[in-house]
Amino acid sequence: MNIKSFPIKKQALITTCLLQLIISLFTLGIAWQLSQVVFDVFINNDYNNTAVTLGLLLFFLLGKSLLTFCLKKSLHNSSQHLQMTVRQRLHQCIGYHALPSHRLQLLALDSVKTLDKIFILIAPPILSLIFLLPIILITILFLDPWSALIMVVTLPIAPILLWLIGHMTRRATLDQWKQLDELTLAFKDTLAGIISLKIFRQENRQKNHLAVLSHFFSQASLKVLRLAFISSFTIELITTLTIAILAVSIGFRLLYGEINFQMAFCLLLLLPEFYQPLRQSGMAFHAYIDVKTAWNNLQDLFHQPNQSITEHNDTLRLPPGIHLTNVSFTYPDAPLPTLENLSLDFPAGSITCIYGTSGMGKTTLLKLLAGLLQPQAGHVQLEDKALRQISLDSQHKLITYVPQSPHVFQGSLADNICLFEKASYTEEMLLNITQIINDVGLHLSSDTPLGAGGLSLSHGERQRLGLARALYQNRPLVLLDEPTAGLEPGEEQEILQLLSRFSKGKTIIVISHHQTVRQWADVAIEVHHE
């Protein structure tokens, strides 16, 4: 796992390092001023310069607190930026990998959230190791070379110990992620089939299955925690014994007059600060194993072989015709291909209806045309250009895809139609949105709240919402999956008449089982297995 592969802003990295450097210098200032105050007040009984020393001590304490807050804020912002960037890349790469939903959910939520440990558990001790530890070591080398020698000798023990424990931890962490993946899949399948389980009275059997999976996941998690506890305890023991040896050594030399009180007290204040990054390294190491596993899983998805997405739609004839040549596609873990050696042509500027029995791959075909999935063999072309070679920005400007049940986001109806394209709406935009709402027959105002805490839409209203999005986007290639399913004949005719007016200058491809839609379309294509 290379830090260069993480999308971290260079300016934020420089700011973080600079803050840690200043904090390290302030730590030295606090130790020295505090030892000076104790020496003046309790040893020399000198109160003349105490006010100045206390003022400097207060300055260093307040400065370190403020800088520590700024450092945590910078790390938090970097973490949010990293997670947002990774989720955006994840969204862009979904089309190149046909992942099951439970696997995608695990990557988008748990794996991405695990990256937060980089800035919460890993970055602070690493920054301290880079800046604080060398600064303290150099300072102690000038103050007391004997103590510095002991510190240098004991310093490599923690990294060697963590390297030995790492071999055991790596396998345990991988097993933990595997058990979490299986548990997520089981919960998803249970929720999807809860009605069938209740009908056939199999809920107790599934309950026992989930209990077994939860037990396995708990065992895997406890194994990782045991290893983390052992390594942390060992490092704490080593550092505590080392500090004790150094403290005893300093005490004896102070007793025999080989070192003065102020220097001895300053050394005792700096020793815990010196070993603090090593104490944190145990937790940071196990966090690193988690992050490495999660990042490798994400990198497997980010890897897009043979992709050179550089072309735009500037020279593409609009509306485009679509050509499929020997296209094959198989979902992961599926025993048979969903589509195999399929070759089709969709004329430019026409309305094409795709029909066929369920399970023949019609929805998969539409996702291939939308660029949401990539064929394992064959080519999808818009005119003479391969779809996979067209940039994502250009694809978004060219293609509108409306699924069978469009997702409803938390927001107003206008937000759901525009897909949060604008933070605020002009009067012209609102008039356009209102006209579209009336055209699709939603009978709602543009500011109607939808989603969580808002109005719940029926299946038919969701279909009309999807059509409203297509009308608003007004793109030259429109892909509709069962836009009239479940509608009454009169409502279906209204939608078809609306699509007829909308189809001018567009290539429209519709999936439908209805004979009415097939007769309405210019071309009807049946999809079936050979």
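Brief remarks on what is shown
- Scanning segment 226-258 for residues that are modelled with pLDDT under 70 and not small (Gly, Ala, Ser) yields a total of 1.
- Screening residue 386 on (1) in contact with a His (Cβ under 7 Å, 6 or more places away or on another chain); (2) among the small types (Gly, Ala, Ser); (3) surrounded by 17 or more Cβ atoms within 10 Å (Cβ to Cβ) shows it passes everything except condition (3).
- Enumeration of residues in segment 474-530 that are touching a Pro at 6+ places or on another chain (Cβ under 8 Å), within 27 Å of residue 383 (Cβ to Cβ) and not charged (D, E, K, R): 476, 477, 499, 505, 507, 510, 512, 523
- When restricted to residues that are touching a residue at least 60 places away in the same chain (Cβ under 8 Å) and not charged (D, E, K, R), segment 353-394 contains 22.
- Test for residue 430: is it assigned by TED's automatic domain parsing to the domain that holds residue 365 and part of a helix (DSSP H, G or I): no
- Looking only at segment 385-401, residues that are acidic (Asp, Glu) and modelled with pLDDT of 80 or more come to 0 in all.
- Subset of segment 482-494 (residues that are modelled with pLDDT of 80 or more and closer than 18 Å to residue 355 by Cα): 482, 483, 484, 485, 492
- Residues of segment 464-514 that are among the acidic types (Asp, Glu), outside any loop (DSSP other than H, G, I, E, B) and over 21 Å from residue 397 (Cβ atoms): 491, 492, 494.
- Looking only at segment 363-383, and only at residues there that are more than 31 Å from the chain's Cα centre (by Cα) and crowded, with 16+ Cβ neighbours inside 10 Å, the one that is nearest to residue 495 (Cα to Cα): 382
- Scoring residue 46 on the criteria (1) in a loop (DSSP other than H, G, I, E, B); (2) modelled with pLDDT of 90 or more leaves a single failure, condition (2).
- Count - residues of segment 515-530 that are surrounded by fewer than 17 Cβ atoms within 10 Å (Cβ to Cβ), outside any loop (DSSP other than H, G, I, E, B) and either among the basic types (Lys, Arg) or in contact (Cβ under 8 Å) with a residue 12 or more places away in the chain (or both): 3
- Close Cβ contacts (under 9 Å, 6 or more residues apart or on different chains) running from residues in segment 204-225 that are surrounded by 15 or more Cβ atoms within 10 Å (Cβ to Cβ) to residues that are modelled with pLDDT under 75 and outside any helix (DSSP H, G or I) comprise 206/193.
- Among the conditions (1) over 28 Å from residue 322 (Cα atoms); (2) free of Cβ contacts under 8 Å to residues at least 24 places away in the same chain; (3) not aromatic (Phe, Trp, Tyr), the only one that residue 504 does not satisfy is (1).
- Filter result for residue 439 (more than 16 Å from residue 474 (Cα to Cα) and not assigned by TED's automatic domain parsing to the domain that holds residue 500): no
To keep it simple, each residue is scored yes or no on (1) under 28 Å from residue 457 (Cα atoms); (2) β-branched (Val, Ile, Thr); (3) assigned to a loop (DSSP other than H, G, I, E, B).
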site	(1), (2), (3)
374	no, no, yes
388	no, no, no
393	no, no, no
396	yes, no, no
405	yes, no, yes
408	yes, yes, yes
416	yes, no, no
420	yes, no, yes
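- Residue that is farthest from residue 354 (Cα to Cα) [pool: residues in segment 439-481 that are without any contact (Cβ under 8 Å) to a residue 60 or more places away in the chain and of a type in the set (D, E, K, R)]: 447
- Sole residue being at pLDDT below 95 and crowded, with 19+ Cβ neighbours inside 10 Å, chosen from 31, 12: 31
- Per the listing 399, 351, the residue uniquely under 25 Å from residue 88 (Cα atoms) and either in the same structural domain as residue 508 (by TED's automatic domain parsing) or touching a His at 6+ places or on another chain (Cβ under 7 Å) (or both) is 399.
- Filtering segment 325-362 to residues that are hydrophobic (A, V, I, L, M, F, W, C), assigned to a strand (DSSP E or B) and surrounded by fewer than 20 Cβ atoms within 10 Å (Cβ to Cβ) leaves only 344.
The values are calculated or read from the model by the stated rules, or taken from the named source; none is laboratory data. Everything quoted here is computed from the prediction, not taken from an experiment. Positions of Cβ are backbone-derived with ideal geometry, glycine not excepted, and every protein chain shown enters the neighbour counts.
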